[in-house]
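The values are calculated or read from the model by the stated rules, or taken from the named source; none is laboratory data. Please read all numbers here as calculations on a predicted model, not as lab measurements. Cβ placement follows ideal geometry from the backbone for every residue including glycine, while neighbour counts extend to all protein chains displayed. Just the protein is used for accessible areas: all its heavy atoms, side chains included, with ligands, DNA and RNA removed. Shrake-Rupley method; radii C 1.70, N 1.55, O 1.52, S 1.80 Å.
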Amino acid sequence: MRLNLTLAVGIAFAVVLSLIAGKVWLPAEAWRVGDPRFLIIFELRMPRTVLALAIGAALGLSGAAMQGYLRNPLADPGLFGVSAGAALGAVLSMFFGFALSAWLLPAFALTGAAATMTLLALLAGRSASVLVFTLAGVIVSSVAGSMTALAISLAPTPFAASEIVTWLMGALTDRSWDDVLLALPIIGVGAACIAFTGRALDVLTLGEAAARSMGVDRLRLQWLIVVGVGLCVGASVAAAGIIGFVGLIVPHLVRPFVGNRPSATLLPSALGGALLLLLADSLVRAAPTVSELRLGIAMSMLGGPFFLVLLVRMRRKLA
């Protein structure tokens, strides 16, 4: 409870920072409705801030749910292949020139996420085995990644190829309230699905046989995880491109404060993800660079070393 309150207070400060930070810092006078700079706050920075909160929460929550379900501390939403599938859908919309419409690119991305979820469910079948489910996710991710690379190599023009590569880097630049209205309801439904998995994830820590004897329906749990993570990650990719490592980093940061019970990490991971992505977006925006550093690249620069440290610590424990 104390951790959640601390994270909520941190988010409140981060929201203020996000609204004033940028290449041009906005003073307190700009917050008056009659000030022309208020349009920058309302039309540019507020949607970006709301999206950073929603996407960070969605990715943090998805990571905590995946690590609890797979009982693997290195699990990340990208392992399901949902991110890669959503990215492939968005890339195809650019490849065929459908990205000119504000709604078609997100629609393609969500279609890609839905197709990935369907394929994942078909590959996993009714076994509900964690191993089969993980392998199916790796296969789907690999196939989607290779098809994305193929689309880039066959792009009709150099401009289209550049546009695709830039989008894949992930960013919240120039997002509007339309993007917020598209992403928020989908993320909300996905988060609700994950919220129903808390008790089952706790029981699953006792082992699959024990969980089954205690009445946990593994197939229902698997579908809740697939649909919840798919909607959260799909909507996030549709709105901002690929932003990785949030779902890997945040559960590890909150776990020392709440223990190893999966249900206890869900809400702090959502709050922590929102705080992390909001701070990261504010920093890339205010960084003294000629052009804005892409948020996806910044998170990869942070997540790569974090992942390496995790691997080293796990190796030492196993030695």
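Numbers for the structure displayed
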read-out: Distance from segment 213-254 to segment 192-212 (C-alpha centre basis), Å; value: 14 Å
read-out: Accessible surface of residue 147 - all protein chains present, 1.4 Å probe, nearest 10 Å²; value: 100 Å²
read-out: Neighbourhood charge, 12 Å Cβ-Cβ cut-off, centred on residue 202 and excluding it, Lys, Arg +1 and Asp, Glu -1; value: +3
read-out: Where segment 215-260 is the region considered: accessible area per residue in Å², 1.4 Å probe; value: 32 Å²
read-out: 301, 1, ranked by accessible area, largest first (probe 1.4 Å); value: 1, 301
read-out: Amide H contacts of residue 293 (H built 1.01 Å from N, under 5 Å, at least 5 apart or other chain); value: none
read-out: Most mobile of 142, 263, 236 in a GNM of the chain (Cα contacts under 10 Å); value: 142
read-out: For peptides 35-41, 106-112, sequence by mean Cβ density within 10 Å, most packed first; value: 106-112, 35-41
read-out: Accessible area of the chain belonging to carbon and sulfur atoms, whole % at 1.4 Å probe; value: 73 percent
read-out: Cβ-derived FRET efficiency at R0 25 Å, residue 72 paired with residue 195, nearest 0.05; value: 0.75
read-out: For segment 177-222, size of Cβ-based charge dipole, Lys and Arg +1, Asp and Glu -1, in debye; value: 300 debye
read-out: Axial C-alpha extent at least 24 Å, average Kyte-Doolittle at least 1.6 - helices from the chain (DSSP); value: 2-20, 104-124, 130-153, 177-195
read-out: Structure-derived Cα extents along the principal axes in Å - corresponding label in [x] 107, 70, 28; [y] 63, 55, 40; [z] 64, 51, 38; value: [z]
read-out: Per residue accessible area of segment 21-92, 1.4 Å probe, in Å²; value: 35 Å²
read-out: Added length on full extension, which subtracts the Cα-Cα distance from 0.36 nm per residue, residue 28 to residue 287; value: 91.1 nm
read-out: Options 267, 237, 296, ranked by Cα towards positive dipole end of segment 180-319, top entry (Cβ charges); value: 267
